[in-house]
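What follows is a single structure, written as structure tokens, with notes after it.
The values are calculated or read from the model by the stated rules, or taken from the named source; none is laboratory data. Quick caveat, the model's predicted, so the values are computed rather than measured. Glycine also receives a Cβ, built like all others from the backbone with ideal geometry; neighbour counts cover every protein chain displayed.
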Amino acid sequence: MSASSIRPEYEAVGEDVLSASTMIAARLHAVGSPMQLDELPLPAPRPLDVLVRVRACGVVPNLSNVLAHASHILPELCQPKLPAIYGLDAVGEIAAIGEQVHGIEVGTRVYVNPGRSCGSCAQCRRGNTNACQDYALQGYFACRPEARQTLDDYPYGGLGQYLTAPVSAMVPIPDNVTFDQAARFGYLGTMYSALLKANAGPGTTILVNGISGTLGIGGALLGLAMGVDRIYGTGRDRALLERVKGIAQDRIEVFSLADGSIARWVRRRVDEGVDAHIDCMGPGADPVTFADAMRALRRGGISVNIGAIGNAVPIDLHSMMDNGITLHGSGWFTTDEAVRMAALAATGALDMSIFKTQGYPLSKVNEAISGTAKRDGGFSNFVVRPDQI
Ligand SMILES: [Zn+2]
């Protein structure tokens with residue numbers, strides 16, 4: 001990197017960064033093969049970008065699916081060009097800023113929202129950046145082939161020592177939140193956005209289908225943080241469900257999917273039904289449970305799907321019309337939503353102390369990815385720390 005490409009503030013990070021011209025990153029060279037460590041030139045931030053020194057990168061269970069066979073699940077899926085640096089949930093410190101960046105300092109601890117959009121289309125102009133045709137998740141994938149350039153423009157995922165990303169994607173991390181905890185902001189933010197869409201808050205009840213998983217457990221933590229009266233959660237593993245209930249015995253109730261109808265269970269507790277249903281079911285889940293959960297909604301209730309359920313769900317559209325039910329699909333969150341969620345963590349309302357981190361050095365990245373198969377439900381927090389080789 002040339003000295004002219006960065007601002008003097010770059011020096012503030014320390015001699016080790018200042019002298020570095022290369023970085024180590026884990027890269028996927030071929031689908032189905034393990035990642036390998038490569039030495040690459042240190043990326044330079046463009047005028048509206050920042051350079052982030054990655055301290056931790058969250059590893060979600062779905063990463064192994066994406067790496068192995070995502071293109072079979074979703075043929076339209078657009079993935080980073082190989083060899084590629086993956087890594088969805090990067091956190092670290094700002095190490096350098098582009099020429100036109102102001103308002104954020106070198107050294108700021110940040111979560112990098114991986115959601116990239118074009119900035120110039122009608123949806124981006126309206127601030128609805130997640131609806132951009134070119135929307136992509138940096139270091140992960142995009143759902144449409146139109147997003148190829150977006151992925152090409154930001155080819156650095158969190159499984160490398162540095163990455164560049166737009167300044168508009170920076171989510172400052174509160175002092176009371178560790179890098180490891182902030183590496184969970186991705187799926188937590190996805191839940192937070194869903195709960196906002198469902199108008200969750202004081203005076204409301206929510207049902208989270210799949211509450212004990214990596215995605216669903218955010219429904220318990222954020223439902224509590226946002227002041228939801230009562231949280232109803234379903235899952236398969238009874239022991240995990242009991243631990244989720246243990247987060248707040250007086251406000252969380254749990255139900256095993258092996259014990260019958262979700263709607264019947266909910267309506268025995270709240271006759272008119274719940275205000276909101278957030279569904280977190282993954283690709284292998286029984287789609288009937290989704291439709292069953294929707295029947296637990298009150299008239300005018302809101303259902304938000306944030307799970308990648310793989311099979312068609314038998315939804316009763318007639319009943320939805322009769323009862324004024326809304327169904328949203330919601331895939332990620334905006335940077336603004338993530339900043340507001342971070343504010344909940346700053347006050348302590350969002351308590352992330354339940355997460356148990358399993359940290360891996362960069363050289364053990366393949367073990368981290370395969371290790372998620374043996375996770376302790378949503379309580380596990382898998383992170384790779386690129387600082388440690
Ligand atoms: Zn756009």
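For the range 220-242, the candidate set comprises residues that are farther than 16 Å from Arg269 by Cα and in contact with a Gly (Cβ under 7 Å, 6 or more places away or on another chain); within that set, the residue that is surrounded by the fewest Cβ atoms within 10 Å (Cβ to Cβ) is Gly227. Considered as a group, the residues in the range 256-275 that are of a type in the set (A, V, I, L, M, F, W, C) and closer than 10 Å to Ala296 by Cβ include one that is surrounded by the most Cβ atoms within 10 Å (Cβ to Cβ), and that residue is Val274. Scanning the range 98-126 for residues that are of a type in the set (S, T, N, Q), surrounded by 14 or more Cβ atoms within 10 Å (Cβ to Cβ) and more than 11 Å from the ligand (Cβ to nearest atom) yields Thr108, Asn113. Screening the range 127-138 for residues that are within 7 Å of the ligand (Cβ to nearest atom) and of a type in the set (S, T, N, Q) and picking the one that is farthest from the chain's Cα centre (by Cα) gives Gln133.
When the range 127-141 is limited to residues that are small (Gly, Ala, Ser) and surrounded by fewer than 22 Cβ atoms within 10 Å (Cβ to Cβ), the one that is modelled with the highest pLDDT turns out to be Ala131. Of the strands (runs of 3 or more DSSP E) lying entirely inside the range 271-386, the ones with 3 or more residues being more than 20 Å from the chain's Cα centre (by Cα) and either basic (Lys, Arg) or more than 30 Å from Arg144 (Cα to Cα) (or both) are found at 297-305.
Against the condition under 19 Å from Asn381 (Cα atoms) and among the β-branched types (Val, Ile, Thr), how does Thr178 come out, does it pass? Yes: the conditions hold for Thr178.
Restricted to strands (runs of 3 or more DSSP E) entirely inside the range 193-265, no element has at least 3 residues that are under 18 Å from Met281 (Cα atoms) and among the polar types (S, T, N, Q).
Residues are listed down the side, and each one gets a yes or a no for (1) among the charged types (D, E, K, R); (2) part of a loop (DSSP other than H, G, I, E, B); (3) more than 19 Å from Gly115 (Cβ to Cβ):
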{"site": "Pro34", "(1), (2), (3)": "no, yes, yes"}
{"site": "Pro47", "(1), (2), (3)": "no, yes, yes"}
{"site": "Val50", "(1), (2), (3)": "no, no, no"}
{"site": "Val54", "(1), (2), (3)": "no, no, no"}
{"site": "Glu76", "(1), (2), (3)": "yes, yes, no"}
{"site": "Ala90", "(1), (2), (3)": "no, no, no"}
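Just wondering, is there one or more residues in the range 167-175 that are in a loop (DSSP other than H, G, I, E, B) and under 26 Å from His328 (Cβ atoms)? No, that holds for no residue. Annotation: Gly157 fulfils all but one of (1) within 16 Å of the ligand (Cβ to nearest atom); (2) in a loop (DSSP other than H, G, I, E, B); (3) buried (at least 22 other Cβ atoms within 10 Å of the Cβ); the unmet one is (1).
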